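Novice: One structure, as structure tokens, below. Some questions next.
The values are calculated or read from the model by the stated rules, or taken from the named source; none is laboratory data. The structure presented is a predicted model; accordingly, all values stated were derived computationally and were not measured. Quick reminder, even Gly has a Cβ in these numbers, built from the backbone with ideal geometry, and neighbours come from all protein chains shown.
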Amino acid sequence: TKWVYTFGDGQAEGSAADRNLLGGKGANLAEMCNLGLPVPPGLTITADACVWYYDNGRKMPDGLEAAVSDALVGVGTIAGRAFGDPEKPLLLSVRSGARASMPGMMDTVLNLGLNDETVLAVARDSGDERFAFDSYRRFIQMYGDVVMGLDHEVFEDILEDEKARLGHELDTDVSAAEWREIIARYMATIEQELGVPFPQDPHQQLWGAIGAVFASWMNARAITYRQLHDIPASWGTAVNVQAMVFGNLGDQSATGVAFTRNPSTGVKELYGEFLVNAQGEDVVAGIRTPQSITEAARIEAGSDRPSLEKLMPEAFAEFLTICDRLERHYRDMQDLEFTIQAGKLWMLQTRSGKRTAKAALRIAVDMAGEELISREEAVMRIDPASLDQLLHPTIDPHAARDIIGSGLPASPGAATGEIVFTSEEAVEAAKTGRKVILVRVETSPEDIHGMHAAEGILTSRGGMTSHAAVVARGMGTPCVSGAGGIRIDARNGTLLALGTTLKAGDVITLDGSSGQVLKGAVAMLQPELSGDFGLIMEWADATRRMKVRTNAETPADARAARSFGAEGIGLCRTEHMFFDGDRITTMREMILAGSEGGRREALAGLLPMQRSDFIELFEIMKGLPVTIRLLDPPLHEFLPKTDEEIAEVAGAIGVTIEKLTQRVDELHEFNPMLGHRGCRLAISYPEIAEMQARAIFEAAVEAAKSTGAPVVPEIMVPLVGLRQELDFVKARIDAVAREVIGEAGVDITYLVGTMIELPRAAIRAHAIAEVAEFFSFGTNDLTQTTFGISRDDASSFLMTYQQKGIIEHDPFVTLDIEGVGELVRIASEKGRATRPDIKLGICGEHGGDPASVKFCDSIGLDYVSCSPFRVPIARLAAAQAAI
Ligand code: ADP
Ligand code: MG
Ligand code: MG
């Protein structure tokens, strides 16, 4: 097996196509080499080696060591140095790199190969002692933390302590002699804390670091990240071992990160930050505040610290050319890491840049305009789930703002919540439904859980590319970073801002689009879905085959759904219409009536209310299809439960407490989900279905008059398992239709269909389709009845199932394609066999889940129906499914 791939000097054994084997970083380093870009030479140990390592009880594969040694000879030749050589030592970076980018999840070790002897060689060779010892102390810090497992704070404490003693503010102020003292303290502390000395042998250092990268694949942070992002543990990580280049070699050296377009807004402008005389993670760690790369950005930020453009114009010009070249080559916005060593530019990484949903839309639209990608590709470039971010509210521009601080606008959108200072508190609060803002000096990968749980994130340190900023943008969570004026005292649970002291639990609002921090809750505005969003939606609509409807019963939801582009209502649940105000009383009278006559009387009172509900929906939908489901839940859901409630209700409707209690007892069910509900109600009490049908038909006649558009209502009978059930209910509906047509003197076109939500219905779909003119797959209940899992009780064990790897996804969120999906497929085929033009749709939660939408397209459903806010997601997902 070939475990090692080399790159350097304009050629590489791998390329961008080898991502699965070499990881994203390794594959792109190879690709950049092949493009002739300046990349320090190195080698990549394949992800297969990591897989082998875990399959074999954490042992390195045979032959790996020899292959690495061979490759290192080549690397040294290109660099003009040799690994472990006391005169001309080759120093290395050891970096992890998985197939999917896992930012910050695994740690990089820089300057490897330094020891008490080689550091002197580096000092001689560079003529810069400060540089040599600065590099050595960095190496000891990183290696001590990442490989030897000594908390990095131990080193930071020593450093802070020494800096305070010496009166230095910045690391760059520390002299060579002072670094030597600090290093001596580091070494002593390591021995004292760990009982072993810091390894001096470069080979031992190297294999320690490689082992640490492999081991880090299974650390808690990485496991959490993989869970959150659906990355399989079986992929493993590659290891990149690369010759060092030094950004800490004085004034003409620097290190930085950049995006080829603005990752927040998508605007086509080079966007990035750098630090002079710095190395590695200094820029993202937020210890020193970085400088702007371009002059334009510097001016916009109002900074008096020079841009890279001014400071190192030649390296800057070359960098611009490379940015452009890489963007055209990859045909996507790139996120780059670079280092300038004594004026010479080196590329250390490129990858497709993470971006906000807003930026993703802008970039896709612009790139289509630049003819870099096609419109279909532009549609494919947007993650449907990310559109959710755009549906985030923003702060009402007219609202009063009590500004208590400001930082960088790191991730857009506005959020309000109570202050918490730790990720644990954020997670706890979210569990009980409290909205919180996570407030930290800076965040680290350990904070991922808390960041997920929080509505917004505020940090007092760090730039636009700090950990907090990058992760927040990826999650679509509003974030203000580097709010330097805010003093956070996590230990005492206080935050001091502009003279105001706030405590944990106090409410603040973040404006992630302006960087402002506001006291209290502030009025918000709902987002505008025009511009780039509108264009992508237009392109998506031009491509998709399936229609997208919404699940809505209130006029507000129906209007919102229309504005999001819904093409009708796929599910109007009528039970919600019986809970409002007086209606519940009339409904209860109906339920308590002892005879059909009494029930009909009460229902007559409900008829005008139902009719006006439907008229409004039909008017909003102006001729678009509207599917109305007849009453579905068991009747006891409309009755009071506790003794106090019963007493109150009995008084209100004028029956005795005994009578009401008796009726409540009669209607009690052990398993309501499988009880007297759905079409079973319509069979026991046909008058209910008849009233609803009458309300629908009369409303259709009305609305057709008022809008001038014909209304074709689709009446849906729930929970059918037997064809005979549908026969019975349909006969009643047809009879009512004839009556209304006679009374109104106009013809009414309508459809009667059923929800397929029982396995029996799916299996007998051919028979049911002889009666039903449409099927709507009620996949919430169908999942429940297929699995025999109660969705109201499932959360306690489905979580465990996911943790133990029994199931990958919650089947109530993403359709179980193998099981429930198979029933949907069978029912569709059988239904079409007896009624070729049968209308097929889905109206469960899955109608707005991109993976489920894709499946629905593949089996030829006519439409999906989902909640109003998911309509844009479903439109895009339906388009992607069709491409
Ligand atoms: P991450 O996955 O966290 O981005 P990287 O492997 O890219 O980690 O390394 C982090 C940083 O270390 C880089 O941004 C770069 O500044 C520095 N670095 C990595 N390799 C080298 C190298 N060969 N020479 C100099 N600096 C390096
Ligand atoms: Mg890292
Ligand atoms: Mg990197």
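Novice: If we scan segment 47-62, do we find a residue that is out of contact with any His (no Cβ under 9 Å at 6 or more places or on another chain) and within 16 Å of ligand 1 (Cβ to nearest atom)? Let's see the steps before the verdict.
Specialist: Initially, segment 47-62 is screened for residues out of contact with any His (no Cβ under 9 Å at 6 or more places or on another chain), giving 47-62.
The next check asks that each one be within 16 Å of ligand 1 (Cβ to nearest atom); those that pass are 47, 50.
Scanning segment 47-62 turns up at least one residue that is out of contact with any His (no Cβ under 9 Å at 6 or more places or on another chain) and within 16 Å of ligand 1 (Cβ to nearest atom).
Per-residue answers, yes or no, for (1) surrounded by 19 or more Cβ atoms within 10 Å (Cβ to Cβ); (2) in a helix (DSSP H, G or I); (3) modelled with pLDDT of 95 or more; (4) within 14 Å of ligand 1 (Cβ to nearest atom):
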{"residue": "S96", "(1), (2), (3), (4)": "yes, no, no, yes"}
{"residue": "D116", "(1), (2), (3), (4)": "no, no, yes, no"}
{"residue": "V119", "(1), (2), (3), (4)": "yes, yes, yes, no"}
{"residue": "A123", "(1), (2), (3), (4)": "no, yes, yes, no"}
{"residue": "F133", "(1), (2), (3), (4)": "yes, yes, yes, no"}
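Novice: Tell me which residues, restricted to segment 775-813, are part of a loop (DSSP other than H, G, I, E, B) and of a type in the set (D, E). Steps first, please.
Specialist: Start the filter on segment 775-813 by keeping residues that are part of a loop (DSSP other than H, G, I, E, B), which leaves 778, 788-794, 804-813.
Of everything in segment 775-813, those that are part of a loop (DSSP other than H, G, I, E, B) and of a type in the set (D, E) turn out to be D792, D793, E808, D810.
Novice: For segment 174-193, indicate whether the set of residues that are at positive phi and more than 16 Å from ligand 3 (Cβ to nearest atom) is non-empty.
Specialist: Pass one, segment 174-193, residues at positive phi: none.
Scanning segment 174-193, I find no residue that is at positive phi and more than 16 Å from ligand 3 (Cβ to nearest atom), so the answer is no.
Novice: For residues that are outside any loop (DSSP other than H, G, I, E, B) and more than 10 Å from T394 (Cβ to Cβ), tally how many sit in segment 524-534. It would help to see each step written out before you state the result.
Specialist: Looking only at segment 524-534, we keep the residues that are outside any loop (DSSP other than H, G, I, E, B), and these are 524-525, 531-534.
Cutting the leftovers down to more than 10 Å from T394 (Cβ to Cβ) gives us 531-534.
Residues meeting the conditions: 4.
Novice: Mind listing just one residue for me: the one in segment 75-94 that is assigned to a helix (DSSP H, G or I) and either hydroxyl-bearing (S, T, Y) or under 23 Å from A17 (Cα atoms) (or both) and, of those, farthest from ligand 2 (Cβ to nearest atom)?
Specialist: Taking segment 75-94 and keeping what is assigned to a helix (DSSP H, G or I), we get 75-79.
Restricting the remaining residues to those that are either hydroxyl-bearing (S, T, Y) or under 23 Å from A17 (Cα atoms) (or both) gives 75, 77.
Numbers: V75: 21, T77: 28 Å.
Out of the qualifying residues, it is T77.
Residue-wise test of (1) surrounded by 15 or more Cβ atoms within 10 Å (Cβ to Cβ); (2) assigned to a strand (DSSP E or B); (3) in contact with a Pro (Cβ under 6 Å, 6 or more places away or on another chain); (4) of a type in the set (F, W, Y).
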{"position": "N492", "(1), (2), (3), (4)": "no, no, no, no"}
{"position": "L496", "(1), (2), (3), (4)": "yes, yes, no, no"}
{"position": "T501", "(1), (2), (3), (4)": "no, yes, no, no"}
{"position": "G505", "(1), (2), (3), (4)": "no, no, no, no"}
{"position": "S514", "(1), (2), (3), (4)": "yes, no, yes, no"}
{"position": "L518", "(1), (2), (3), (4)": "yes, yes, no, no"}
{"position": "V522", "(1), (2), (3), (4)": "yes, no, no, no"}
{"position": "I536", "(1), (2), (3), (4)": "yes, no, no, no"}
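Novice: Across segment 78-94, what is the number of residues that are touching a Gly at 6+ places or on another chain (Cβ under 9 Å), away from ligand 1 (no atom under 13 Å from the Cβ) and of a type outside the set (K, R)?
Specialist: Number of matching residues: 5.
Novice: Out of segment 115-143, which residues are within 16 Å of ligand 2 (Cβ to nearest atom) and either touching a strand residue (DSSP E or B) at 6+ places or on another chain (Cβ under 6 Å) or more than 23 Å from A254 (Cβ to Cβ) (or both)? Working first, answer last.
Specialist: Initial filter on segment 115-143 (within 16 Å of ligand 2 (Cβ to nearest atom)): 138-139, 141-143.
Across segment 115-143, the qualifying residues are R138, F139, M142, Y143.
Novice: Now, a different point. Show me the helices (runs of 4 or more DSSP H) entirely contained within segment 267-349 in which 2 or more residues are within 16 Å of ligand 1 (Cβ to nearest atom) and out of contact with any His (no Cβ under 9 Å at 6 or more places or on another chain). Even if it seems obvious, please write down each step before you answer.
Specialist: Values: elements: 282-285, 295-301, 308-311, 313-330.
Those helices (runs of 4 or more DSSP H) span 282-285, 313-330.
Condition check ((1) acidic (D, E); (2) away from ligand 3 (no atom under 16 Å from the Cβ); (3) touching a residue at least 60 places away in the same chain (Cβ under 8 Å)) across all residues:
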position	(1), (2), (3)
T108	no, no, yes
L120	no, yes, no
A123	no, yes, no
D134	yes, yes, yes
Q141	no, yes, no
D145	yes, yes, no
H152	no, yes, no
L159	no, yes, no
A164	no, yes, no
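Novice: Have a look at G247, G280, G302, G256 and point out the one that is more than 16 Å from ligand 2 (Cβ to nearest atom) and more than 22 Å from the chain's Cα centre (by Cα). Spell out how you get there, then give the answer.
Specialist: Numbers: G247 fails: more than 16 Å from ligand 2 (Cβ to nearest atom); G280 fails: more than 16 Å from ligand 2 (Cβ to nearest atom); G256 fails: more than 16 Å from ligand 2 (Cβ to nearest atom).
The unique qualifying residue is G302.
Novice: Follow-up. Could you count how many residues in segment 3-57 are under 16 Å from G236 (Cα atoms) and either more than 16 Å from ligand 2 (Cβ to nearest atom) or in a strand (DSSP E or B) (or both)?
Specialist: So the count comes out to 22.
Novice: Residues being surrounded by 19 or more Cβ atoms within 10 Å (Cβ to Cβ), in contact with a strand residue (DSSP E or B) (Cβ under 9 Å, 6 or more places away or on another chain) and not in a helix (DSSP H, G or I): count how many of those fall in segment 715-749.
Specialist: Adding up the residues that qualify gives 7.
Novice: So, in segment 285-323, how many residues would count as being surrounded by 13 or more Cβ atoms within 10 Å (Cβ to Cβ) and within 22 Å of T350 (Cβ to Cβ)?
Specialist: Total satisfying the criteria: 18.
Novice: Kindly indicate whether Q291 is within 16 Å of ligand 3 (Cβ to nearest atom), more than 25 Å from the chain's Cα centre (by Cα) and not hydroxyl-bearing (S, T, Y). Even if it seems obvious, please write down each step before you answer.
Specialist: On the way: within 16 Å of ligand 3 (Cβ to nearest atom): no; more than 25 Å from the chain's Cα centre (by Cα): yes; not hydroxyl-bearing (S, T, Y): yes.
Against the criterion (within 16 Å of ligand 3 (Cβ to nearest atom), more than 25 Å from the chain's Cα centre (by Cα) and not hydroxyl-bearing (S, T, Y)), Q291 does not qualify.
Novice: What's the number of the condition E153 fails, among (1) away from ligand 2 (no atom under 16 Å from the Cβ); (2) in a helix (DSSP H, G or I); (3) at pLDDT 95 or above?
Specialist: Exception for E153: condition (3).
Novice: When segment 364-393 is examined, which residues are found to be closer than 30 Å to R95 by Cα and buried (at least 21 other Cβ atoms within 10 Å of the Cβ)?
Specialist: Our first condition is that a residue be closer than 30 Å to R95 by Cα; within segment 364-393, this holds for 381-383, 386.
Across segment 364-393, the qualifying residues are R381, I382.
Novice: Moving on to the next point. Here's a check for you: in segment 328-355, which residue that is acidic (D, E) and over 16 Å from L275 (Cβ atoms) is nearest to ligand 3 (Cβ to nearest atom)? Even if it seems obvious, please write down each step before you answer.
Specialist: Initially, segment 328-355 is screened for residues acidic (D, E), giving 332, 335, 337.
Narrowing the set further to residues that are over 16 Å from L275 (Cβ atoms) leaves 332, 335.
On the way: D332: 17, D335: 8 Å.
Going through the qualifying residues, I end up with D335.
Novice: Can you tell me which residue within segment 99-114, out of those that are in a strand (DSSP E or B) and within 12 Å of ligand 2 (Cβ to nearest atom), is farthest from V146 (Cα to Cα)? First the steps, then the outcome.
Specialist: The first filter runs over segment 99-114 and keeps only residues in a strand (DSSP E or B), leaving 109-112.
Now restrict to residues that are within 12 Å of ligand 2 (Cβ to nearest atom): 109-110.
Numbers: V109: 7, L110: 11 Å.
Checked segment 99-114; the qualifying residue farthest from V146 (Cα to Cα) is L110.
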